[in-house]
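Visitor: First the structure, which I've put down as structure tokens, then a few questions once you've had a look.
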Amino acid sequence: MENTQEDAHIDENENGNDGNGNALKAKATEKVREIKEAARGQASEKVRQITDKARERASEQVEGQRERIASRVDQAASSLMHHAESGENLRYEAERRVAHGLESAAGYLHSHQANEVAGDVNGYVHQHPLRSIVIAAVIGFLLGKLLS
């Protein structure tokens, strides 16, 4: 049997396709794509806003902690200096040097932003890894003694 154009037209009408079926399908597909892109854009914007807020809050907390740490280091330096002024032997001289170093560190912490401090510390640790470990251990020991 030979299909003619008339037979094809009848088949399309029987299937609910009036010849524009492909065009409707294309329009629907395009509309779905537009909706998906809009939703993706809205979601991206919302994620960016949430991320910005979280970054801002974290930065505020870091800055508050930086100031608190600087004040504590300054107090430790003052305490150590006061203790060191009561004597003249080698131990007291070492305490004076440590106190001056702590005062210097406290001044640095007061005058620099947290991201600057982190960058400087990171660079120093990369350049001097062994020395950094020793310094951290000594500072931890001394602060532990002073604050206990």
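The values are calculated or read from the model by the stated rules, or taken from the named source; none is laboratory data. Just so it is clear, the model here is predicted, and its values are computed rather than measured. FYI the Cβ positions are ideal-geometry reconstructions off the backbone, even for glycines, and counts take in every protein chain you see.
Visitor: One residue is enough: does the range 48-62 have a residue meeting the conditions more than 34 Å from the chain's Cα centre (by Cα), at pLDDT 85 or above, surrounded by 10 or more Cβ atoms within 10 Å (Cβ to Cβ) and hydrophobic (A, V, I, L, M, F, W, C)?
Guide: no
Visitor: From the set of residues in the range 93-113 that are of a type in the set (A, V, I, L, M, F, W, C) and over 25 Å from the mean Cα position of the chain (by Cα), which is surrounded by the most Cβ atoms within 10 Å (Cβ to Cβ)? Before the answer, list the steps.
Guide: Going through the range 93-113, the residues of a type in the set (A, V, I, L, M, F, W, C) turn out to be 94, 98-99, 102, 105-106, 109.
Narrowing further to those that are over 25 Å from the mean Cα position of the chain (by Cα): 94, 98-99, 102.
Details: ALA94: 12, VAL98: 19, ALA99: 22, LEU102: 24.
Of everything passing the filter in the range 93-113, LEU102 is surrounded by the most Cβ atoms within 10 Å (Cβ to Cβ).
Visitor: In the range 114-138, what count of residues is obtained for those that are within 24 Å of the chain's Cα centre (by Cα) and exposed (fewer than 13 other Cβ atoms within 10 Å of the Cβ)?
Guide: Applying the first criterion (within 24 Å of the chain's Cα centre (by Cα)) to the range 114-138 yields 114-127, 129, 132, 136.
In the following step, the residues that additionally are exposed (fewer than 13 other Cβ atoms within 10 Å of the Cβ) were identified as 115-116, 119-123, 126-127, 129, 136.
Number satisfying all stated conditions: 11.
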